[in-house]
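Working notes, structure below.
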Amino acid sequence: MKVVDTFEAARELLEGSVGLVPTMGFLHEGHLSLIEASVARAETTVVTVFVNPLQFDDGGDLDDYPRDLERDIRLAADAGASVLVAPTRDYMYPTRPRTSVMVDEVGDAMEGARRPGHFIGVATVVTKLFAGTDPDLAFFGRKDAQQLALVSTLASDLSFKVDIVGCPVIREHDGLALSSRNLRLSDDERRAATSLSAGLMQAALLVETGVVDVAEIVGAARRMADATDGVQVEYAELADAHSAVPAGELAGRRFLAIAARIGDVRLIDSITIEDGAVDRGVPLDHPSILYGGA
Ligand code: AMP
């Protein structure tokens with residue numbers, strides 16, 4: 001695997017079909033599953049590692065975001081990536097950001113409503129990554145289901161030739177969705193955090209037993225987290241998987257998302273629902289590499 005810090009250098013290394021895996025680094029099995037999906041489908045897999053300041057609405061979260069490029073290089077190489085691009089902030093934003101990308105509607109509810117400017121930052125950096133690497137395929141996790149809808153919309157609206165591929169949520173053995181931010185949870189907070197996925201799993205059971213009442217399903221999703229000390233739920237919402245517009249009924253493809261603060265850490269999780277079937281994601285059968293697992 002080659003490691004570079006500019007798009008110019010990356011483009012010299014691209015051969016055949018290109019799969020892009022954008023990340024903010026501190027890789028875990030969620031990211032590695034995206035890299036493996038890309039390796040299976042594209043001739044060259046490019047992983048980007050960039051903690052994008054534009055998408056942080058909270059400066060403390062940006063400062064505290066875990067970073068370890070040497071570790072990321074080792075993990076991405078082991079997962080089969082061909083190129084890792086780790087651009088500097090000055091390279092990505094040599095000037096004050098003048099041009100930004102805003103995706104109407106898709107970014108309005110849920111994360112967009114709670115994190116002002118977040119999706120403009122996401123859409124702008126993803127547009128730069130697409131322009132810089134010209135991928136045929138780009139891989140995103142369904143944990144960030146609204147982000148996936150937003151990226152699919154921007155790729156289509158801005159005529160990028162890229163196919164956007166959504167990948168399953170990878171979970172710890174107890175259900176917690178893998179996130180680099182989990183590292184900032186204390187032991188008690190880490191235990192409390194499982195209430196997010198536990199609620200989603202309760203909601204999944206209701207859907208699978210034929211319940212279609214959205215208030216009941218969403219209520220089940222947030223009940224565990226609401227009842228857990230130290231967890232402040234920001235929202236639980238059912239939305240259309242393509243438009244990310246909140247939905248009042250189960251029809252077509254939907255995602256059920258939950259977001260909560262646990263201490264200083266903000267976590268999100270989601271499951272995908274289609275025709276009464278639920279994609280819960282994939283639990284690991286061992287602790288993730290975030291917790292010292294193999
Ligand atoms: P991040 O580094 O958190 O910005 O995430 C980079 C990509 O990895 C995004 O497409 C995320 O949706 C995806 N991702 C993060 N965590 C997971 C997970 N637990 N399972 C699957 N994909 C994930």
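The values are calculated or read from the model by the stated rules, or taken from the named source; none is laboratory data. Since the model is a prediction, treat every value here as computed from it, not as a measurement. With ideal geometry, Cβ positions are generated from the backbone for all residues, glycine too; neighbour counts draw on all protein chains shown. Calculation scope for accessible area: heavy atoms of the full protein, side chains included, ligands and nucleic acids excluded. Shrake-Rupley method; radii C 1.70, N 1.55, O 1.52, S 1.80 Å.
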Response to the item:
The ³J(HN,Hα) series, computed from each phi in region 9-22 with the Karplus coefficients 6.51, -1.76 and 1.60 at θ = phi - 60°, rounded to the nearest Hz and given as x for glycine or proline, is 5, 5, 4, 4, 9, 7, 10, x, 6, 10, x, 10, 10, x
Worksheet item: Distance from the Cα centre of region 1-22 to that of region 243-261, in angstrom?
Response: 35
Worksheet, complete the sentence: DSSP beta bridges in the chain: the antiparallel percent, rounded to 5, is 55
Worksheet item: In Å², what does the accessible area per residue of the chain work out to with a 1.4 Å probe?
Response: 43
Worksheet, complete the sentence: the chain, Gaussian network, Cα under 10 Å: of 76, 251, 198, the residue fluctuating most is 251
Practice prompt. Can you list which of the GluC sites (Glu not before Pro) found in region 224-294 are DSSP loop residues with at most 14 other C-beta atoms within 10 Å?
Written response: 249
Worksheet item: Most fluctuating residue of 177, 113, 221 in a GNM of the chain with Cα springs under 10 Å: which is it?
Response: 113
Worksheet item: With charges set only on the Cβ (+1 for Lys and Arg, -1 for Asp and Glu), what does the dipole of the chain come to about its Cα centre, in debye to the nearest 20?
Response: 380
Worksheet entry | At 1.002 mPa s and 20 °C, Stokes diffusion of region 175-294 via Kirkwood alpha-carbon radius, µm² per second | 146
Discussion item. Please list, by residue number, every one of the GluC sites (Glu not before Pro) in region 23-66 that is coil in DSSP and has at most 15 other beta-carbon atoms within 10 Å.
Written reply: 43
Practice prompt. Positive end of the charge dipole of the chain (Lys, Arg +1 and Asp, Glu -1 on Cβ, about the Cα centre): tell me which of 235, 37, 16 has its Cα farthest that way.
Written response: 16
Worksheet item: Hey, what angle do you get for helix 187-208 against the long axis of the chain, alpha-carbon based, 0 to 90 degrees rounded to 10?
Response: 70
Item to complete: For the chain, set up a Gaussian network in which alpha carbons nearer than 10 Å are linked by springs, and say which option among 222, 184, 74 fluctuates the most.
Response: 74
Item to complete: List the relative contact order of region 1-136 as a percent without decimals, with contacts defined as Cα pairs under 8 Å and 6+ residues apart.
Response: 35
Fill in: Magnitude of the charge dipole, region 127-187, Cβ model with Lys/Arg +1 and Asp/Glu -1, debye to 20
120
Item to complete: Keeping every protein chain in place, order 254, 261 by accessible area at 1.4 Å, biggest value first, i.e. largest first.
Response: 261, 254
Worksheet entry | Sorted largest first, extent of the chain alpha carbons per principal axis (Å) | 53, 41, 37
Worksheet entry | Pair residue 285, residue 245: separation of 7 Å Cα→Cβ label points (nm) | 4.4
Worksheet, complete the sentence: For residue 291, the accessible surface traced by a 1.4 Å probe with all protein chains present amounts, in square angstrom to the nearest 10, to 90
Discussion item. Pairs of alpha-carbon atoms within less than 8 angstrom and 6+ residues apart define the contacts here; what relative contact order does the chain have, in percent?
Written reply: 18
Worksheet entry | Extreme residue, positive dipole direction of the chain, given options 152, 53, 137 (C-beta unit charges) | 53
Item to complete: Rank these residues by their accessible area, most exposed first, probe 1.4 Å: 224, 92.
Response: 224, 92
Fill in: Accessible-area composition of the chain, carbon plus sulfur, in percent [1.4 Å probe]
49
Item to complete: Mind grabbing the accessible area of residue 160 for me, 1.4 Å probe, Å², rounded to tens?
Response: 60
Discussion item. As a test of reading the structure, rank 273, 289 by solvent-accessible area (1.4 Å probe, protein chains only), most first.
Written reply: 289, 273
Worksheet item: How big is the gap, in Å, between the Cα center of region 93-112 and the Cα center of region 268-288?
Response: 28
Fill in: About the Cα centre, charge dipole magnitude for region 60-146 (Lys/Arg +1, Asp/Glu -1 at Cβ), debye
140
Worksheet entry | residue 280 accessible area, assembled protein chains, probe 1.4 Å, Å² | 70
Worksheet item: Put +1 on the Cβ of each Lys and Arg and -1 on the Cβ of each Asp and Glu in region 171-221; which of 177, 207, 221 then has its Cα farthest toward the positive end of the dipole?
Response: 177
Worksheet item: In degrees from 0 to 90, rounded to the nearest 10, what is the angle of the helix 118-133 Cα long axis to the longest principal axis of the chain?
Response: 40
